[in-house]
Amino acid sequence: MAVMMQAFFWDCPKIEQQEHNWWNHVASKIDDLAKAGISSLWLPPVSKAADHKSMGYDPYDYFDLGDFDQKGGTKTWYGNSEELKALIAKAHAKGIGLYADMVINHNSGADEEEVNPLDGQTRWTKFTPKSGRFPRDWNCFHPSRYEHVMMEGENFAGFPHLCHRNPAVYAAMFEYSRMLIEELGFDGFRFDFVKGFGAWIIGILAKYRYVKDGKEFTPWVVGEYWSGEQDIDAWLEKVNSYTDTQISAFDFPLRYQLKKVCDQPNYDLRNLTYGENILMKRPLHAATFVDNHDMGDDMIVNDKLLAYSFIMVHEGYPSVFWYDYYNNGLARPLTPNGIDALIQAHHKYAGGDSQILHADPDLYIMQRHGWKDDTTDQPGLVYVLNNLGDKWSGTVVKTKWANQKFAPIAWDGHGLYGAVAHPDERTTDADGNAEFPAPPRGYCIYAPVF
């Protein structure tokens with residue numbers, strides 16, 4: 001029942017004229033995001049990077065949150081520690097959680113070069129951060145006395161890679177994670193580039209016995225394993241062997257399928273049913289998304305709400321991209337035609353198991369069966385995705401509901417936004433059958449009316 005927002009995009013402080021003020025800028029949106037139904041925010045890396053105008057994916061001083069004058073300035077590109085704490089406090093007051101972006105495989109911005117005596121190579125590995133915490137030398141990186149050969153992943157952009165088996169590095173990673181959860185108040189972690197280091201370190205950081213508000217606390221954890229379904233599945237199997245199966249992965253395979261739905265005319269919608277993504281195989285471990293800060297020129301260009309409609313009605317933990325919501329204007333508040341309406345459909349109706357009712361090259365129909373317990377009452381829904389660009393399309397399907405009236409609660413399609421035309425109510429017969437249509441190159445979500 002949760003919806004995450006990635007609360008940044010590449011160069012966001014510059015593009016939105018919020019340099020060194022991003023934490024305050026996000027805080028100014030909290031009230032509106034809470035009303036819209038956003039449950040959590042994924043924030044960019046909070047630590048000082050190799051430059052004070054960096055997005056943070058080249059960490060230099062993990063414990064400088066914008067309070068030490070180094071690497072060109074005092075604040076990070078997003079602000080300082082007090083502004084970050086104020087953002088977290090405001091979000092928590094509105095019931096919104098926060099996830100920290102963890103970049104623990106590579107470092108940048110070293111102060112001196114050193115010769116690594118193990119291989120005689122000279123590298124930038126001498127770090128003397130002004131926070132005074134976690135100074136590093138060659139032995140903190142690969143190759144190290146603790147691990148001569150880098151066995152656990154890929155190199156990245158020539159940066160030195162931390163050797164987590166060095167006890168000093170190991171301890172620093174725990175102290176950094178503890179600070180984020182216990183001192184700053186974060187509720188979970190997003191681990192960057194997890195194919196670049198051992199799954200074991202994520203597992204044990206996830207299982208550290210954190211304490212928040214006097215109680216033991218288990219963070220939500222998601223990894224960025226940018227690869228195919230089989231690779232991600234193998235990583236999930238491995239990383240969750242260290243935990244109580246609490247770790248999720250971003251569903252890149254599904255995202256690329258959805259890009260084809262949006263950007264490739266006549267893409268066969270039956271491809272969405274074949275299970276070649278994390279959502280279909282491991283729905284409880286799928287963090288679904290449409291676009292993110294790394295996509296660059298590969299972002300979805302056309303009919304992006306088709307993708308958002310899909311992730312909002314299916315299982316998984318859906319994520320909304322800040323740039324889509326604000327800069328692309330897809331929120332469309334107070335209408336049934338945008339992300340806000342999809343979020344409400346997700347929260348109020350998208351419970352229980354999913355069942356595909358119909359799939360052909362141009363039409364996909366599914367139902368959520370609904371879920372009710374002491375804290376949750378989601379009656380279920382019927383979702384229709386129409387790939388035809390020139391006409392409404394639907395078909396008769398057999399639902400779980402007999403003699404049930406349905407009302408359209410969220411929809412969009414070509415030529416529809418802001419128009420009067422909209423789907424009609426539907427009523428199933430005694431066997432649960434009814435025809436459910438959707439607009440051209442569009443979608444419609446129907447909810448039972450009680």
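Tabulated results
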| read-out | value |
| --- | --- |
| Listed candidates (1) 0.93; (2) 0.98; (3) 1.05 - label of the one calculated as Cα Rg over 2.2 N^0.38 Å | (3) |
| Accessible area of the chain divided out per residue, in Å², using a probe of 1.4 angstrom | 40 |
| Reachable aspartates and glutamates, given that their alpha-carbon falls under 12 Å from the alpha-carbon of Lys398 and they are not under 8 places away in the same chain | Asp429, Asp431, Glu435 |
| Protein accessible area in region 336-406, 1.4 Å probe - carbon and sulfur % | 46 |
| Cβ-defined net charge surrounding Tyr57, 9 Å radius [Lys, Arg +1; Asp, Glu -1] | -3 |
| Rel. contact order, % - alpha carbon contacts under 8 angstrom, at least six apart, region 1-104 | 33 |
| GNM result for the chain, Cα springs below 10 Å: residue of His25, His314, His285 fluctuating most strongly | His25 |
| Net charge dipole size for region 277-416 [Lys, Arg +1 and Asp, Glu -1 on Cβ; Debye, nearest 20] | 600 |
| Gained length - Ala2 relative to Tyr326, 0.36 nm times residue gap less alpha-carbon distance | 114.7 nm |
| In region 192-310, lysine pairs closer than 27 Å at Cα, eight or more apart or cross-chain | 14 |
| Highest-first arrangement of 128-139, 176-187, 207-218, where packing means the average Cβ count within 10 Å | 176-187, 128-139, 207-218 |
| Amide N proximity, region 256-295 versus Gln230 label position 7 Å along Cα-to-Cβ, cut-off under 14 Å | 276-277 |
| Euclidean distance between Cα centres, region 328-375 to region 154-233, Å | 32 |
| Segment Thr245-Asp213, extension gain: residue separation times 0.36 nm, minus the distance between their alpha carbons | 9.1 nm |
| Farthest positive-ward along region 1-135 dipole, Cα basis, beta-carbon charges - from Tyr57, Pro44, Val3 | Val3 |
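The values are calculated or read from the model by the stated rules, or taken from the named source; none is laboratory data. Keep in mind that what you see is a predicted model, and the values were worked out from it rather than measured. Quick reminder, even Gly has a Cβ in these numbers, built from the backbone with ideal geometry, and neighbours come from all protein chains shown. Surface accessibility is based on the protein's heavy atoms, side chains included, excluding ligands, DNA and RNA. Shrake-Rupley method; radii C 1.70, N 1.55, O 1.52, S 1.80 Å.
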